[in-house]
Amino acid sequence: MVVVSPGSAAAVRRQPGRHVRFSVLGPLAATDGEAALDLGPYQQRVLLAALLCRANTVLSLDQLLDVIWAGKRPRTARKNLQVYVSALRKLTGHRIDHHAYGYLLRATEEDVDLLRFDRLAAEGRNAERGGDRAAAHSLLGRAVRLWRDHPLVDLLGNPFLAAESDRLVERCLGVFEDWVDLEIDAGGHLGVLDRVVDLAHRHPFRERLTTAAMTALFRSGGRREALGRYETHRQFIARELGLDPSPVLQRLYQEILAGAPVEPARGAAPAYRGPARLPRDLPDFVGRAEPVRTLTAALSGGVHDTDLTIVSGVPGAGKTALAVHVGQLLADQFPDGQLLVSLREENGEPRLWRAVLADLLRGTGLDSPLPAEDTAARNLWRSWVADLRLLFVLDDASCELCVRQLLPGLGPSRTLVTATGRLSALESAQRLELGEFARDEVLELLTRALGQDRVCAAGPAVDRIIARCGALPLVIRTVAAKLTVLRHVSLADFADQLDRTDRPLAELAIGDLSPQAGLRRFHDGLSPLARAGLRALGGLPAPPFDQAELLAILPEPAARTLEVLLENNLLAVPDDEVLAHSARYRTPASVHQFAVALHHETETVSAPGVPVADEAGE
């Protein structure tokens, strides 16, 4: 193959109709027809490889400078970068675009083998999910044939490209595993034997390769070698992980040992589907049928055509639990991954949005420093996820701005935000406010935790507990946790205990479950006006509150205080309690109990000579 320098006369003559093809699934290479192109000096090849690995995505100047010189920039780094870009533009047919904060290489799957690989792999997996195994076999086989060698094997001395290469190897191995099962099933075990055995040896943690190697060996007449491969794998994972082989592999071993026909081990391990960083769904998640339907429709692109959904409610309303539950239900609709990040530190302080953004970028596979400029950082984020279908759960947001900074732009991804406040200034969002459990939901949760006999024997005790402490999910879970430990205490006795104390919330704490502690942290993060309004609510009898009596006790300006309380979900107006000229306001019983303690605390402070008791504290 002829090698053509991009500055040569031959290259110039080719320019008008040229179609340069690039390869990264092996040594970095570029061809123009039959001619291999000279890609220039090492740093220029590093730059080209980085742009190809992130084709159609803007890479910032800071990123590129760090990639090329691995953190050791020469004084002329920016000038040298411009020289390399200029040379590569001639090479690529001017497909490198300059943006205010970086560069982007425009490419299609006809231009870059990696883009063709991804398209063929996606189509092949879709075909197999649809039951068309012949089409899946063909498409995945075409993708596998593009994998020529260790990706970018000639540039592994560069830290960024070494990490990219490892990531691409994992992608290629996943597609190979999908294909080799179909190939063996089609009778091609002899043709893949050497390669699958070699890959299983080089990647001993990937059990699907070991399974395929054992199957190919056995079908090729190598029963003893197949059993030996199993024993080698068994000893390896016992030594490295302290584990036994999976049930699938153990069953295959027994079949080979017995000399029985071996069916292809499809499904031995699922293909990688992107990050799955949602926490554990509660096995005893109960109720919330209507909120679950609403969220499912919003995130599925149903009746509400929006990419942003906000779930709000006071601490203990179960916002995060609901978000995780629905996110797990819809995981298959977000094949590129699901991520949850907290927008607060452990002490309740809001996290810096750049720290959260760095978490999101790492979670989606881009582990590189953020650009120093905020606008460049946001643009990098939006470019990086533009073509992905991801579910982002931004948990415990404190304000609209901290969410707005993190929202992706163009693309099919969906963002679900949980917050104590309504975040009313966020535009074009589907909103859902969570309140207390209904009575039947309370009974269902208590029955699951304590047993039907114990709950049925409680009589009106459950209603007394709800009247005293409310029915927020966290409150009911805390009651259930305490009574699980206190097996000798009936629900009626526990209700009596709550009736005898003027601080019922203080009774509801076990382990790290404490509704009162959560309300205290929430209170401390409120504005002074909201704290004053919450304290004033403690001077009223149990809700609902009449609008006139509410405005009479709220600190001035009363109308503004009322608005702030509504915005923070400390007050709500049920639809059936709005009249022509007035409204009746509700608040969860536990919130009112907390407000009563705050009100009492204020009265104690105002009494001369009386020591202060923090009635609302722990």
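The values are calculated or read from the model by the stated rules, or taken from the named source; none is laboratory data. None of these values were measured; they are calculated from a predicted model. When we count neighbours, we look across all protein chains shown, and the Cβ atoms used for this are built from the backbone with ideal geometry, even at glycine. Heavy atoms of the whole protein, side chains included, go into the accessibility calculation; ligands, DNA and RNA do not. Shrake-Rupley method; radii C 1.70, N 1.55, O 1.52, S 1.80 Å.
Taking only alpha carbon atoms, segment 354-466 gives an Rg to Rh ratio of 1.21, where Rh is the Kirkwood radius.
Solvent-free Debye calculation, one equal scatterer per alpha-carbon of segment 383-446: log10 I(q)/I(0) at 0.13, 0.14, 0.30 Å⁻¹ equals -0.48, -0.54, -1.34. With Rh defined as the Kirkwood radius, the inverse of the mean 1/r over Cα pairs, the Rg/Rh of the chain is 1.07. Principal-axis analysis of the Cα atoms of the chain puts helix 77-92 at an angle of about 60° to the longest axis. Between Q593, W353, V192, the Cα set farthest toward the positive side of the dipole of the chain (charges on each charged residue's Cβ, about the Cα centre) is that of V192. Angle of helix 113-129 to the longest C-alpha principal axis of the chain, folded into 0 to 90 degrees and rounded to 10: 60°. Under 5 Å between amide hydrogens, built in the peptide plane, is the criterion, and for L472 it picks out F437, S590 among residues at least 5 positions away or on other chains.
In order along segment 433-445, the Karplus-derived 3J(HN,Hα) couplings, from 6.51 cos²θ - 1.76 cosθ + 1.60 at θ = phi - 60°, round to 9, 9, x, 7, 5, 6, 4, 5, 5, 4, 4, 5, 5 Hz, and Gly and Pro are given as x.
What the chain shows is 46 Å² of accessible area per residue, with the surface traced by a 1.4 Å probe over protein heavy atoms. Straight-line cross-link partners of K319 among the lysines, defined as a Cα under 25 Å from its Cα and at least 8 positions apart when in the same chain: K482. Mind pulling the angle between the C-alpha long axis of helix 515-524 and the longest principal axis of the chain? Nearest 10 degrees, somewhere in 0 to 90. Once rounded, the angle reads 80 degrees.
Judged by the gyration tensor of its Cα atoms, with axes a ≥ b ≥ c, segment 472-516 is oblate; a/c meets the 1.5 cut and b/c is at least as large as a/b. With every protein chain in place and a 1.4 angstrom probe, the accessible-area ranking of R288, R280, largest first, reads R280, R288.
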